[in-house]
Amino acid sequence: MIKRIFDWLRQPLGLVAVGIAFLALFSLAAYGIYYTQQPPAQPIQFPHKTHVAFGIQCLYCHPGAERGPSPGLPSTAKCWACHQQIAKTQTSLLLAPLVESVRTGVPVQWVPVAQVPDFVQYNHRPHIAAGLNCEDCHGDLTKMTIYENPQVMNMGWCLNCHKEKSAGNPELETKLLDCGTCHY
Ligand code: HEC
Ligand code: HEC
Ligand code: HEC
Ligand code: HEC
Ligand code: HEC
């Protein structure tokens, strides 16, 4: 019986079946990764494009990107510094959760989207110091409302860029591709 199955698998039709089974498994795995990195519902549909179009810098709201590992998200106080002076704030349904946060003192519960697992050491500072721009990794925020990852932030993504940036520089290549650079 088993031998007959193997014989059949070696036939052209069998090979096609194996191919289909493999593709199905692969797309299931790819979908799993994609699905876990889909943007979740946010407490406020914060329009990045509107704010970026006003000329507000990324670093004004995410100042940690230059200084250390994580950029951080703006506090209610930072939003309020502008919004208490904007007439629309009191009537906008979109801004009702911000007004509520000011009233109660409970911070807005943003849901993280750009994230790598805890066993990965990622730090913004060396990347910004190396001259990379936010959009190289986060996409074009002038077109986004709430943030969505433009690509899956997995190990292949990190390594592809590290290979590209260190090509022709063996010392840098050793550093950027060493497992211990990102896992320790
Ligand atoms: C530097 C000033 C500034 C800061 C800081 C700021 N905003 Fe705004 N925001 C604006 C302006 C200006 C508008 C456009 C208002 C209009 O359309 O009349 C706006 C619009 C919005 C809107 C759309 C409102 C609507 O009904 O269309 C939302 C939602 C919003 N902001 C949320 C926030 C949140 C949340 C924060 C903090 C994370 C924040 N803003 C920080 C200036 C700012
Ligand atoms: C080389 C790629 C890269 C560049 C360039 C980059 N980021 Fe990130 N960013 C990441 C990764 C990876 C994460 C997830 C980090 C984690 O889970 O600790 C992240 C997370 C974030 C977060 C989530 C909140 C937080 O504190 O972790 C914000 C906000 C952010 N980045 C903003 C920025 C801004 C603003 C810039 C430009 C000044 C920037 N990033 C440049 C890769 C990058
Ligand atoms: C007025 C404040 C403001 C400005 C300016 C701003 N952001 Fe944000 N950003 C936010 C808020 C609020 C969130 C949380 C809601 C969301 O995920 O969209 C956020 C979320 C993010 C995230 C995902 C954070 C996470 O927790 O995973 C990234 C990445 C990011 N911003 C990058 C940028 C970049 C790059 C720029 C400049 C092009 C920028 N932002 C400009 C307020 C701002
Ligand atoms: C778009 C390109 C790009 C991407 C994507 C990227 N990196 Fe980098 N990374 C760089 C560059 C450039 C440097 C700085 C190299 C130098 O020192 O000149 C760097 C440096 C680092 C360093 C510091 C190495 C040291 O010891 O100085 C770490 C750690 C690091 N990256 C981790 C990551 C991780 C983890 C990811 C994925 C989540 C990632 N990087 C994604 C380009 C990238
Ligand atoms: C430039 C940064 C970087 C380097 C260098 C790196 N990794 Fe990773 N690694 C990551 C990131 C980001 C993840 C988490 C995302 C994922 O699962 O792909 C990860 C995940 C992993 C995982 C878990 C996989 C899983 O499916 O959960 C293992 C195991 C691993 N790495 C081993 C290694 C080994 C071994 C090396 C050296 C040959 C290495 N890594 C080098 C960034 C890096």
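The rows are residues; the columns are (1) surrounded by 13 or more Cβ atoms within 10 Å (Cβ to Cβ); (2) among the polar types (S, T, N, Q); (3) within 22 Å of LEU59 (Cβ to Cβ); (4) at pLDDT 95 or above.
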residue	(1), (2), (3), (4)
VAL99	yes, no, no, yes
GLY131	no, no, yes, yes
PRO170	no, no, no, yes
GLY180	no, no, no, yes
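Number of residues in region 132-164 that are away from ligand 3 (no atom under 15 Å from the Cβ) and at positive phi: the value is 0. Do the conditions hold for VAL120, that is, is it surrounded by 12 or more Cβ atoms within 10 Å (Cβ to Cβ) and either without any contact (Cβ under 8 Å) to a residue 60 or more places away in the chain or of a type in the set (Phe, Trp, Tyr) (or both)? Considered against the rule, which asks whether it is surrounded by 12 or more Cβ atoms within 10 Å (Cβ to Cβ) and either without any contact (Cβ under 8 Å) to a residue 60 or more places away in the chain or of a type in the set (Phe, Trp, Tyr) (or both), VAL120 comes out as no. Just to be sure, is THR91 among the β-branched types (Val, Ile, Thr), more than 16 Å from ligand 5 (Cβ to nearest atom), touching a residue at least 12 places away in the same chain (Cβ under 8 Å) and within 26 Å of ALA53 (Cβ to Cβ)? Criteria not met by THR91.
The values are calculated or read from the model by the stated rules, or taken from the named source; none is laboratory data. Because the structure is predicted, anything quoted here is derived from the model rather than measured. Don't worry about glycine lacking a Cβ; one is built from the backbone with ideal geometry, like all the others, and counts go over all protein chains shown.
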